[in-house]
Structures are given as structure tokens and as C-alpha cells.
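The values are calculated or read from the model by the stated rules, or taken from the named source; none is laboratory data. Please read these numbers as outputs of a predicted model, since none were measured by experiment. Every residue, glycine among them, receives a Cβ derived from its backbone with ideal geometry; neighbour counts consider all protein chains shown. Side chains are part of the model used for accessible areas, which takes the heavy atoms of the whole protein and leaves out ligands, DNA and RNA. Shrake-Rupley method; radii C 1.70, N 1.55, O 1.52, S 1.80 Å.
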Amino acid sequence: MRVAYLVDTEECPDPLLDSIFSEAYGRWGGRRTLIVPAKPNGVDARYAEWLRHYDADIIYSFVLLTDEAVAGVHEQHGPAHLTYHEPLGRKKGDEGYFRIELPLQGLQSLSVAPALLSRSWRIGERLSDLKIIDKYFDQSRSPFIKENFGFLSDCYPPMTGQNFPQLFSTLTLISQEALDNPQWGKDARSEYFVEEAKILEELGKPSPILPLAVASDVLAPYLVTGYSDWSDGLTIVVGDSVDDRILFWNQHHRQEEVAINAITGLRLSTSRMDDSAFLKLVKDIVLRRGRPSSQGSRSVTLRSCSVPLPELDQMAAKLRTPDFWASVRAAHHDNHATCVPSFDEMHSVQYRYNISFTELRTRETAEFRGNQAYVPHALPWHIGEAAPPAGLREGNWMVDLAIDRLNDHCRFANMRHPWVLPRRLRLEKGFKVEWQDEHPQRYGERVTRVAREGYLALPKSLGHRSLTITIPDDIETFRIGLCTETEWLPFKHGKESPRGRRRYAYAEPSDKGRYLLAVLEHFDRIPDAFEVLMNGYWRDILISLGAVPVEKNTGLRDELIRTLRKRLGRPKGDLTVSTEAEFDRLSRESIRFGRMTGKSDRFVDYGSLHARWKALVDADLEAATHLSEEDKGHYRNRANLDRSIQYLCQHQILFQGREWQCRRCFNRNWATVDEMRATLECQICKQPEPAPVSGDWHFRANSFVVEAYREQGVEAVIWALWRLWETARQSFYFAPSMCLWETYPKTREDGPDVEVDALAVVDGHLYLCEAKGSSGLDNRQIEQLFAAATRIRPDTLLIACMDEVTAGLKASAEVLQNRLGSEVKVELMEFKADALERDSNLPA
């Protein structure tokens, strides 16, 4: 369970950082906790990318963020909890004011102890008689040990050191007065020391001490941030400023492949750099437990934000003694952000376990029953290796769910797309998770979040094992995301802050969306639909059969103009209409041509299909000079065309039959292949006639598909979705055209406020698609797109155009980009006919 803390470096007293360090040392994986500077308007821009890759499950803020900043953190980083520090019953300045109460308890760091004792970790070395550093409940203090190694009593409830004698004993710092007082109870198994130096001596010996700083990091995954000088050897930060302490803490994230029981960083107060006895103990600890360099030698880098480089060089000289066989160098840094990694040149930023121990990553699999599945009970490796006792196994870890899509759109038959969810639209609200055991959970445990990879993540613990998850269908998922009212829990108690973005009250597929779904459902899979509908050969055939919007039918437009010139008596020159009679003729011809929009070619015969296909074959074979005549004969085989025609007929895109003309009433009749018999009957006059015996088969286009293309313009949407689908590497899913209401409609007459052509998620990237048959956006359309993008918050507003993109459309896109800002990218996509597949290998 990953936690990030937001702090204001200008209001960051030492007790605040002490509290963060103690909480982190008590939680498994806690040493990899990220501290992020922030202000009320959001996180420090230098840390934004690091925080995004860190992918915190909980973000705990000591900064009172604005409502817009809260929404931005949820949208960009997607935590299960974004919580403001509000100590109940304590005021600022009171003792314990900075005590941290996470909304979700993490698995304890000492849960690793049984696993560490269960096997040998080095050749000939097996841990036994494990010791933990602790302090007595009196006023004993050691800021150095507390910050660098951790005290048991700062991280765990009282008596923890005495409750598990089978696992460990303690080295306890105590005052002389408390040690001499026989009435104050002592643990017989514990070793008590009145001097900090004695415990430091033990750390410098080969004794089996497990500092909580190590326990909170060992066996846990870490973020790969790229090798650099931060990753080499041990870092010692000298200084007492806030920048120094944050630098000391965050630099640990730059360390990779840390050996068990190795320490990677220390912080020394400047006041102790003149204490030679103390420095001798520190050097012994470095030689015994310090992380070696990449060459295997001891290497120390002395760093500071507050100490000038000349002084650092002098301090480095104090460490270079004959008994300290480690190289020492000094480096001064301007501020805490110096250790922030650069992610620009990295190919893959991911979490990784120690590669020398491949068992650490745990995977479990469960099968769906319908649309439900049990969530596998994946345990952290060390819990399964050696189960901790009851007092040390409380708390949660996080499970990432890679959920296969039931409605799969992957182009490959042997692979499936998983659900990769966006953070901009809370589609995870559509996944219903049920905790079925009777174990009581706090509200903070019944949460889900979207991890950086787009997987659904949720907390698990040994206390609640049985979880089921129900997967919604695609349209319902988008409807829930578009209309959810509560997207996150309140940031601050007692404050009426928003719990989500302004979304919509109601959403449903539009007529255009239903037409689109009906067209696509003629095929078994979306890839099959794209393969046919975006094939250049078959697209041309469908267009010739009328599957083209009326305004795109140039032949019909030209014929209308010729007819008007003839009717108005103006064969040449300007065509003007001025009199009532001329306007009447114009309206009559327009209505007549409107009726003609459906009267395109009624059918295409087999001979025409073959002629078009043969032209493609000849062009392909002309370029294939390496083929023999025998091989070319294989490609010219009509069976290749026949299989594709049969495929379209089986999916009812084309209908096979014959058109014949009645000799009595001259009506043109259509008989499907199923209706063909020896004698046919005219549909008008019922005159029987013998069936035709000569000529090719005829093929008609599905009238519903033609209407969807011509009247609803669904081809533009199909083309935009096809182009997005082609770019998908992991996951692709979409919702068709949706009608959206800002307030819930009370009657059927309450029309939608806006209609969007499609929503698509490509590898977790959310697209809002506006698909247009022509190039241009009027002011009303611009306003509607702006309103939709403002509420939906897509990563990209995609304007797909079937015409050449004009300067006017580019200007409209620029207007939208300026109004939406940098958080929503506006893209134009222009139809290119040559992008369609146009070879002779037709889909079948």
C-alpha cells in the first residue's frame, strides 16, 4: 500500500516529518513513501510526474488544498483516499498534533520477520535471535536513531516488544533513572542501554539487528527511476533544514536492488560533525551495513542543501581516516528537488521486485461465471512463506486486478484485451465489488481505485478474503461514469467541498448510436466489422448502392442543378431564383430529388463485382514480380472473391437474389435466393412468370445499413473508431453516440442538452469523438463541444472529418483548444481514402 504525503515546506516543523517517518517505518513498503511539497493550489510542479509514476493509493495532505486542486489530484493521480490531516481534539502546537491516522491501515512492517527467519539469505548465514531497536516509555531520546532506523514504540502499540518472544527481542534505550527504578517493569529478554552510543555500537557489529527502516522496505516492490549517482553506494545528508530532511528521505527512492539488511542513507546533524566518537560509530555502521557501490566497494556521497560545498569538503575529510576504507565525495544541492528523477528518456517506468528473488511477485487467477468472478486472494510473498502471528498480520495490501474484457475487441484470436480504465471519467464506479465475509471493515477499506496502468486496484487483508466483482457492459459503464454524483470522499470534514466533477444527470444512446450498434452487431466481433466496413473494395460497393449521406452524393447534386437549369430556362450563367413561380419550381424539384435519395443503384451484379476485384488482382500481381504464373493463377481464382461475397451475405450486409421485370405491369421485382423457385409472382399485379435462367446473380445492400450510412452518417463514426482501434496496444472499448442531460428529463419532450458522437478508451486514454461528414463547425456546435468536453473531461477531443480539413475547421479547433486549456488536447483527423485496405485479399 503506497502512501504519499503533501507538505508545505514553509510550514513543516520537525515533529511533522518525525511523524511521517515513524508512520512509514511501521508499514510494510513504508520506507518507499514519497514526500511531495505542495501549496493550496496543488503539488509542486517539479514533483508532479514523480507522483504520477509513484501511483499512491493514499495521498495524505498537511496542506489545505483548494477544491480545484483536490479535483486535479484525483483526476491526475487517482488515489483511493485524498485525506486532509485533521487531528480530532488537538490543536496546532499540542503534543500529538501531527500524529497520523491513515484512512486505510497498511500491513505492518514487522510482518516480514517470520519470513526472514525462515531461510538463509546469504551463503552459510541464517538469521536467528533477531533484535529490534526500541526505547523505553520514559523521556529517552535519540533523534539520530529515531530518524535513521526507527524506534519500535514510535511505530507500534505498547507491549509489542514483549508480545512476540518467538520472533525477536529488543535493544532498548532507557534513562539511568528508569533503569535503576525496580518498580518500573522491564522485559527480561530485552537488552537495556542508557547511552545511544551502545546501540550504535551494536549496529556496527555483525549482530542480527533488523531496523524498522529496513523491515519497512525489505521484500517490497520499488519504482524503477533509472540508474544515476543517486543509486550508487550510500548517501549521507548533512544538515538540519527542511530541504535536507526531505532530500534524505526521498533520495531512498533512487536506490534499486537493495540487499536485505542494507541501509542506503543516513542524515547527520551539523552539530554532530565535530563529534569524533560519534563519527567513528557512524563509520562502523557504514562499513557493516552500508550499501556498496556498483563495483562492490564501499562508497559514500556527502550531500547537503544547507551546508556550502567547502564545508562539506572539510566534513568529508574528517571521514577519510585510515580505518575507513570507503571512498567519500561531497555534493552540494540547491534544494530538495535535486533528487527528483527525470522520466523523459525512460522507456518504461514500472514497479519491480528484487530481481534476485523471483518469487516475490504474487499472481492468482480466477475464472468468470457470466459477468461475475471471485477476486483471487493474492498474498504478499512473505505472508504465504511464514504467516505472522495475529498481532503482526493486521492491515491491508493492495491488489491490482487485470480483468479480461468479456466483449473483447482485440484483433488477435489468441489474445484478449483487459479493462484499462481512464482516470478522467470514473468508469470504475460501474464495477460492483461485494465484500462477502462478516469481518467488520472501516469505510476506508471498501474502496477501489484506478492504478497508473489502468487496472482496478483494491485493498485486501487476511481479515476479508471473499470478494466478488461484477462487470457491467460497455454502455452501462459509460453511463455510470457520465452520471456519477460521488467520485471521491470529502477532502475535509465539515466542509461542503465537491465530491466530484460536474457531470450529467442522465445519459442514453441516441438514434445515431442505436444505428451504429445495429450495423456493428451484424458481425461477430468489432474487428470483423472494421475489416469489412473499412475495406476499400467493399466500401466502394456500399457507396455505389446508396450508403452515402445525401449531401455527399455529388452525382445527385449535379443532376438537381441540371434539372433546375432546364426547368427555369437558364442553361448557362448564374442560376438565380426571384419570382414566386421559380421558388415553387425549386421547392418541387428539391422535394422530388429528396425522394430520389434512396433510389441509387438497386443492386450490383456478380459480373461487376468480379470486374472490380479482377482490377485489384491485376494491380497486385503486376507488382509481385517474384511470383510464378502458377502462383498467380492461385490469386486469380474466383473462389477468393466468392468467399468474401458469401461472408457478407451470411452477415446480411448483402442479400443475394435476382431482379426481374414483370412483362405485364413492368414492375421491377426482387427475389432473394431463398425465394427462388421455378415460377415467380409479380409483387404488384400477381402475374406468374417463369424464373429467369440466364444472367448473373444480383446483390442488394442491406437497406438498414444503407439508411444508417445515408441518413445517420454512421460511417464517419465507424471510421474514427477504426482509426483509434488501430492504435490500441492493450485495450479498446467505446460507447456509441450518447444523448446527455444536465438535469434529469421529466418528460419525453425534454430534449438532451448535448449529443456526443462517441466516447472511446484506448489504452486508458479517454477520447471524446465528434465525427463529421463535412468540414466545418458552426458556433452552436462549438458551444456544444465545449460544454461536453468541460463536463466529460476527456484526455483528447477528437474531431474526425470525412472531407478535407479546411482553414475554418482548423480555426474552430484552435478556438476550442484555447477555451479548454492544456488539460484537454484537441485533435483533427482527416479522412484519407488511401488508408483503407485496397488489395485483392478481401475479408472472408
Query - Loop-located trypsin sites (Lys or Arg not before Pro) in region 696-777 whose Cβ has at most 16 other Cβ within 10 Å (DSSP) - result: Arg729, Lys746, Arg748
Query raised in the report: When Lys and Arg each count +1 and Asp and Glu each count -1, what net charge do the other residues less than 11 Å away from Thr83, Cβ to Cβ, add up to?
Result: -1
Query raised in the report: Going 7 Å from the Cα of Asp274 in the Cα-to-Cβ direction, what parts of region 293-316 have a backbone nitrogen less than 17 Å from that spot?
Result: 307-308, 311-316
Query raised in the report: What percent does the relative contact order of the chain come to when contacts are Cα pairs within less than 8 Å and at least six residues apart?
Result: 10
**Report entry** DSSP-loop GluC sites (Glu not before Pro) across region 59-139, with at most 11 other Cβ within 10 angstrom
**Finding:** Glu95
**Report entry** Segment Arg668-Gln646, length gained on full extension (0.36 nm per residue, minus Cα span)
**Finding:** 5.5 nm
Query raised in the report: Shape of region 742-844 from its Cα gyration tensor (a ≥ b ≥ c, root eigenvalues): rounded if a/c is under 1.5, otherwise prolate when a/b > b/c, or oblate?
Result: prolate
Report summary line: With the convex hull built on the alpha-carbon atoms of region 1-125, volume per residue in Å³ sits at 141
Requested in this report: For an R0 of 56 angstrom, estimate the FRET efficiency from the Cβ-Cβ distance between Gln295 and Val815 and round to the nearest 0.05.
Outcome: 0.45
Query raised in the report: With every protein chain left in place, what is the accessible area of Tyr227 in Å² (1.4 Å probe, nearest 10)?
Result: 150
Requested in this report: Calculate one ³J(HN,Hα) per residue across region 366-381 by plugging θ = phi - 60° into the Karplus curve 6.51 cos²θ - 1.76 cosθ + 1.60, and present them in order as whole Hz with x for glycine and proline.
Outcome: 9, 9, 6, 10, x, 10, 10, 7, 7, 6, x, 8, 7, 9, x, 3
Report summary line: Links exceeding 24 Å between C-alpha atoms in this model, out of Lys92/Lys135; Lys772/Lys832; Lys131/Lys198; Lys429/Lys772; Lys614/Lys772; Lys146/Lys492, come to Lys92/Lys135; Lys429/Lys772; Lys614/Lys772; Lys146/Lys492
Query raised in the report: So how much accessible area does Glu827 have, in Å² to the nearest 10, using a 1.4 Å probe?
Result: 60
**Report entry** At most 16 other Cβ within 10 Å, DSSP loop - GluC sites (Glu not before Pro), region 658-703
**Finding:** Glu675
Query - Theoretical gain in end-to-end length, Glu707 to Ser327 [0.36 nm per residue, Cα-Cα removed] - result: 128.9 nm
Query - Fraction of alpha-carbon pairs over 27 Å apart in region 142-278 - percent - result: 29
Query - Thr170, Thr486, Thr9, Thr625, reordered so the largest accessible area comes first (probe 1.4 Å) - result: Thr625, Thr486, Thr9, Thr170
**Report entry** Distance between modelled label sites at Leu64 and Asp540, nm, 7 Å Cα→Cβ extension
**Finding:** 7.0
Query raised in the report: Cα centroid distance between region 801-820 and region 675-754, in Å?
Result: 29
Query raised in the report: To the nearest 0.05, how large is the calculated FRET efficiency for Asp574 and Ala807 if R₀ is 41 Å and r is the Cβ-Cβ distance?
Result: 0.95
Query - Shape category assigned to region 791-835 from the gyration tensor of Cα positions, a/c cut at 1.5 - result: oblate
Query raised in the report: How many nm separate the modelled label positions at Leu379 and Lys566, each set 7 Å beyond the Cα in the direction of the Cβ?
Result: 8.7
Requested in this report: Calculate the spin-label point distance for Gln139 paired with Ala678, positioning each point 7 Å from the Cα along the beta-carbon direction, and give it in nanometres.
Outcome: 11.8
Report summary line: Taking every other residue with Cβ under 13 Å from the Cβ of Leu179 and scoring Lys and Arg +1, Asp and Glu -1, one gets -3
Query raised in the report: Within a Cβ distance under 10 Å of Cys801, other residues only, what is the Lys/Arg minus Asp/Glu net charge?
Result: -3
Query raised in the report: If you take the alpha carbon radius of gyration of the chain and divide it by 2.2 N^0.38 Å, what ratio comes out, to two decimals?
Result: 1.27
Report task. Let me know the shape class of region 667-825, please: from the alpha-carbon gyration tensor, a ≥ b ≥ c as square roots of the eigenvalues, rounded when a/c is under 1.5, otherwise prolate if a/b is greater than b/c, or oblate. Result -> prolate
Query raised in the report: Which value at 222 nm does the chain reach when only helices count, each DSSP H run of 4 or more adding -39,500 (n - 2.57), with the total divided by all residues and rounded to the nearest 500 deg cm²/dmol?
Result: -9000 deg cm²/dmol
Requested in this report: Provide the convex hull volume over Cα atoms per residue for region 204-253, in Å³.
Outcome: 128
Report summary line: For region 614-670, one quarter of the surface area of the C-alpha convex hull, expressed in nm², comes to 6.0
Query - Distance from region 614-630 to region 316-338 (C-alpha centre basis), Å - result: 72
